[in-house]
Structure formats: C-alpha cells, structure tokens
Amino acid sequence: MSLKECSKCCIKNGVSCPIKDCENWLDYEEDLNCMLVAIEKNGAMTLREIADRLGLSFVRVKQIQDKAARKMIDNCPDLKEIMEHYCVNIPD
C-alpha cells in the first residue's frame, strides 16, 4: 500500500496529523489521526474497531456496510454468486 506523503511524514516524526480537512483525517490519536496509518498499522479491522475510530456505533457501521454491499450487488449481479461462494452474508 502506498501511503500519502503527509502520512509518511507523520509516521517518520511520530506526530499526529494536524490537517483536519484532509480526506483521510480521523479523530483517533493512536493511529496518528490518519485512516491510512490505521490501515497500514492494523490491516483488516472488525466493524467494532472501525466504529471506534469513526466515532459511530457498531450498528451504524454495519448498516453502512450492508448498504454498500447491496449497491455493489445491484450494480454487478455476478458479485452475488461470488459472495455466496465464499459464504458472505448478503444483506436484503
């Protein structure tokens, strides 16, 4: 994964991102306030971990995930077969 230059700088200096209007900024000090750092540092995360970082409830993050999955299936019918093959829960 290629980190943006600002993320590299924050990691190198061990400081949190000061640019709050950055599209990758999040209010989570442990990950230097950067989504890119969070992904690089933690890899795949659970919905609960994502909810904690975004300041949302687990239920809300699950709703967002289900809506996104539904949109992907609606736009790519073959994806439903792939998801079923890998036993992924398909939202209604």
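Read-outs: derived from the displayed coordinates by stated rules, not from any lab. The shown structure was predicted, so the numbers you read here are calculated from the model rather than taken from an experiment. In this analysis, Cβ positions are derived from the backbone assuming ideal geometry, glycine residues included, and neighbour counts consider all displayed protein chains.
Can you compute the FRET efficiency between Thr46 and Arg70 using 1/(1 + (r/R0)^6), with r the Cβ-Cβ distance and R0 = 25 Å? Round to the nearest 0.05.
0.75
Treating only the Cβ of Lys, Arg, Asp and Glu as charged (+1, +1, -1, -1), what charge dipole size does the chain show about its Cα centre? Round to the nearest 20 debye.
Once rounded to the nearest 20, the dipole reads 120 debye.
Taking 0.36 nm per residue of sequence separation and subtracting the Cα-Cα distance, how much length would be gained by fully extending the chain between Ile19 and Lys4, in nm to one decimal?
4.1 nm
Okay, helix-only estimate at 222 nm for the chain: each DSSP H run of n ≥ 4 adds -39500 (n - 2.57), divide by all residues, round to 500 deg cm²/dmol; what do you get? All intermediate terms of the calculation are to be shown ahead of the outcome.
Details: 5 runs with 52 residues, N = 92.
Value at 222 nm, helices only, nearest 500: -17000 deg cm²/dmol.
Stretch Glu84-Ile11 to full length: gain in nm at 0.36 nm per residue minus the Cα-Cα span?
Answer, rounded to one decimal: 22.4 nm.
State the number of lysine pairs found in the chain whose Cα atoms come within less than 26 Å, restricting to pairs 8 or more positions apart or on distinct chains.
14
Need one number: nm distance between label points at Val59 and Ile39, each 7 Å from Cα along Cα→Cβ, rounded to one decimal.
About 2.9 nm, to one decimal.
Under the Karplus relation 6.51 cos²θ - 1.76 cosθ + 1.60, θ = phi - 60°, what is the ordered set of whole-Hz ³J(HN,Hα) values for segment 53-59, x standing for Gly and Pro?
Values, residue by residue: 5, 8, x, 10, 7, 4, 4 Hz.
When only Cα pairs under 8 Å and 6 or more residues apart are kept, what is the percent relative contact order across the chain?
Relative contact order comes out at 17 percent.
Got a sec? How would Lys62, Lys41 order by Cβ neighbour count within 10 Å, fewest to most?
Ascending number of Cβ neighbours within 10 Å: Lys41, Lys62.
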